[in-house]
Structure formats: C-alpha cells, structure tokens
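Notes for the one structure printed next.
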Amino acid sequence: MEKWTLLDSKYIIQRPWATLRVDKLQLPNGNIKDEYYVLEYPTWVNMVAFTEDNELLFVRQYRHGSGEIMVELPAGVVEEGEDPAEAARRELLEETGYSFTSIAYVCTLYANPATSGNLTYTYVLRGGKKVQEQQLDSSEDIEVVIMGIEEAKQFLFDNKIGQALHASALFYSFQKLGLL
C-alpha cells in the first residue's frame, strides 16, 4: 500500500468554520484524480464528564446540519497552540459551568479520514462541581443535561446519541472505566 501523491492543491473557501480545498492526486497505479475535495477543520475535544455525585454531564442543543435538537457530550474546538486537555477543561467550564478535579485521556479519533484530517481527542473528567454559570458564545444555546450512569448507558444503547464521535467516545470511555 502506498500513499497518493499530491500534484496540486487549491482552496475553494477559507473561513473560520468552513475550509474546503480541492486536490489533484496521482494514485499509486498511475491514475490521476483531478478533483478530490478535502474539508479542513480544527482539532476537537469531547468530554465524558462525571460530577462529584458520579453523574454524567450532557448538553442539549440544536444542530443545523441535521436539523435536530440533539443530546451530546460537551465538546469544543482546541484553540491554536492549546493543549487538548486544557481545551477540554475550558470548554466544560464555558458550556456547563462545571470544574473538575481530574482528567484522563481516553482516545483520539478522526471524524472522517477520507475527506478531512482533523483529530478529535476524548477525555474522561471526574469530580465535577458547578462553580459558575455558563459562559456561552453568542451563537450557542446549550442546555445542560445530567444523567446517572445506567440512564446514560441506556441512552447510548438505544441509539439516542446521534453524533458518531460522541457515541464512540462514550463506548471507549465506558470500556476504559469498566462500565460495559
């Protein structure tokens, strides 16, 4: 197996939340792909966050791409030069108002390596305590949802976590914690 050779690359759009480029590629068999589209996103973090009462924090919010109001894990973007673990703590504080006593790395996943190269880091945080009100961006409308472990597991098993990276993060985290 060999990597494809990049012959040319052009940006179609470069915006903070939407960057699309088209690459011209040569495959190992010599064939040329004139238009291969790649979406560029920043690095993301997903958090499986346990309160000091050993309950899980989720967020409910509208997702325009699907046109659905969804229950998801708290998540966010890693800022340029920021450590992903620190981004996890920052995003949790902003989205939920909770601060945590411990953090542990779980896994790193690609959203869709066929068309984008960004990574998503998953962390388990424990000892969450509400220390402030949410500090949401002007485009965020987020409701905090708290579930017990068994309720969260059933929610996952009933396919009610529609965001694939969040479902994966929960499965990996529950497995790591011996909850499956």
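Dipole magnitude for the chain: about 480 debye, using +1 per Lys or Arg Cβ and -1 per Asp or Glu Cβ, origin at the Cα centre.
As a rough guide to protection, the peptides 112-120, 13-21 ranked by mean Cβ packing within 10 Å, highest first, stand as 112-120, 13-21. Using only Cα atoms and rounding to the nearest 10 degrees, what angle (0 to 90) does helix 164-176 make with the longest principal axis of the chain? Helix 164-176 and the main axis of the chain meet at about 60 degrees. Adding -39500 (n - 2.57) for every DSSP H run of four residues or longer, then dividing by how many residues the chain holds, sets the calculated 222 nm ellipticity at -6000 deg cm²/dmol.
Within the accessible surface of the chain, defined with a 1.4 Å probe on protein heavy atoms only, the carbon and sulfur portion equals 48 percent. Summarising the overall dimensions of the stretch 80-166 from its C-alpha atoms, the Rg and Dmax are 14.5, 41 angstrom. Peptides 50-58, 102-110 ranked from most to least packed by the mean count of surrounding Cβ atoms within 10 Å: 50-58, 102-110. What the Cβ-Cβ distance of TYR37 and ASP83 gives, at R0 = 25 Å and to the nearest 0.05, is a FRET efficiency of 0.20. Pairwise alpha-carbon distances in the stretch 5-56 exceed 19 Å for 53% of all pairs. A simple spin-label model places the labels of HIS64 and ALA18 0.8 nm from each other, with each point 7 Å out along Cα-to-Cβ. On a per residue basis, the stretch 97-180 carries 56 Å² of accessible surface, using protein heavy atoms and a 1.4 Å probe.
Counting only Cα atoms, I'd like the Rg/Rh figure for the chain, Kirkwood definition for Rh.
1.04
The values are calculated or read from the model by the stated rules, or taken from the named source; none is laboratory data. Just so we're clear, the structure is a prediction, and the values are computed from it rather than from any experiment. All Cβ positions, glycine included, derive from the backbone under ideal geometry; neighbour counts span all protein chains shown. Calculation scope for accessible area: heavy atoms of the full protein, side chains included, ligands and nucleic acids excluded. Shrake-Rupley method; radii C 1.70, N 1.55, O 1.52, S 1.80 Å.
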